[in-house]
Amino acid sequence: MNEIEILKSGLKWMHNLLDKPINDMTPEQWNYWPNEGGVSAFFSLWHYVRTEDNIIQSSIKKGNTIWLDNDYDITFNLHKTSQGTGMTHEEAQQIRMTDTKLWLKYQKQVWESTDTFLGTLDAKKLHKIEISFDPLPKMSLWTGLFHVCLTHGFRHVGEIEHARGLVGLDGLTI
């Protein structure tokens, strides 16, 4: 298995886990913020999907994000460019799930775009191409895709599983 196959396989697994809870959680469950700290399930999901969209579409492909191309910022009444990094707790609490069906449409567009992009990559170039996105330093394309998309995404799967438990739902992986 080469690096591209590892990324495609890992992201497919993770994307499936992030798709799984969309239709079995109510907006109230998605938007529940624990008093003990942490984030809502939706904030975690929104943050990750927006991050992947930003990395693939803007940082790597140098184009507009799916978020902006489809006016999802307007539709969801959420920030135009932010994906949550650096937000205050109060700002983060304003990120609310309002339409799960439309959110799933956006999310699937991001997953499909990422998969299509990975299908065009040459594994030999992964370590030669350099990318950058705030607030992180410059890194190889491999580092960005593996660490910021894949491993970072699995971290958010865990946050969503924890948030599901707080509202009385089962986890995603078992």
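The values are calculated or read from the model by the stated rules, or taken from the named source; none is laboratory data. Worth saying up front: this structure is predicted, and the values here are computed from it rather than measured. When we count neighbours, we look across all protein chains shown, and the Cβ atoms used for this are built from the backbone with ideal geometry, even at glycine.
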Candidates K105, K61, K125 - the one that is farther than 26 Å from E3 by Cβ and of a type outside the set (V, I, T)
K105
Answer with yes or no whether L68 is touching a residue at least 24 places away in the same chain (Cβ under 8 Å), on the phi < 0 side of the Ramachandran plot and over 14 Å from the mean Cα position of the chain (by Cα).
no
State the number of residues belonging to region 162-174 that are assigned to a helix (DSSP H, G or I) and surrounded by fewer than 20 Cβ atoms within 10 Å (Cβ to Cβ).
3
Please go through (1) over 26 Å from L136 (Cβ atoms); (2) surrounded by 18 or more Cβ atoms within 10 Å (Cβ to Cβ) for F43 and return the number of the only condition it doesn't satisfy.
(1)
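Matching residues to (1) outside any helix (DSSP H, G or I); (2) at pLDDT below 95; (3) within 24 Å of P21 (Cβ to Cβ):
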site	(1), (2), (3)
S59	no, yes, no
K62	yes, yes, no
K105	no, no, yes
V110	no, no, yes
T116	no, no, no
K128	yes, yes, no
S132	yes, yes, no
Any idea which of G144, G153 is crowded, with 18+ Cβ neighbours inside 10 Å and more than 19 Å from K20 (Cβ to Cβ)?
G144
Among (1) of a type in the set (A, V, I, L, M); (2) in contact with a Leu (Cβ under 7 Å, 6 or more places away or on another chain); (3) surrounded by fewer than 16 Cβ atoms within 10 Å (Cβ to Cβ), I95 falls short only on (3)
Looking at P34, P21, which one is of a type outside the set (D, E, K, R), exposed (fewer than 14 other Cβ atoms within 10 Å of the Cβ) and modelled with pLDDT under 95?
P34
When residues of region 17-37 are limited to those that are assigned to a loop (DSSP other than H, G, I, E, B) and among the charged types (D, E, K, R), the one farthest from R155 (Cα to Cα):
E36
Does T75 meet the test of being β-branched (V, I, T), farther than 27 Å from T143 by Cβ and either in contact with a Phe, Trp or Tyr (Cβ under 8 Å, 6 or more places away or on another chain) or touching a residue at least 12 places away in the same chain (Cβ under 8 Å) (or both)?
yes
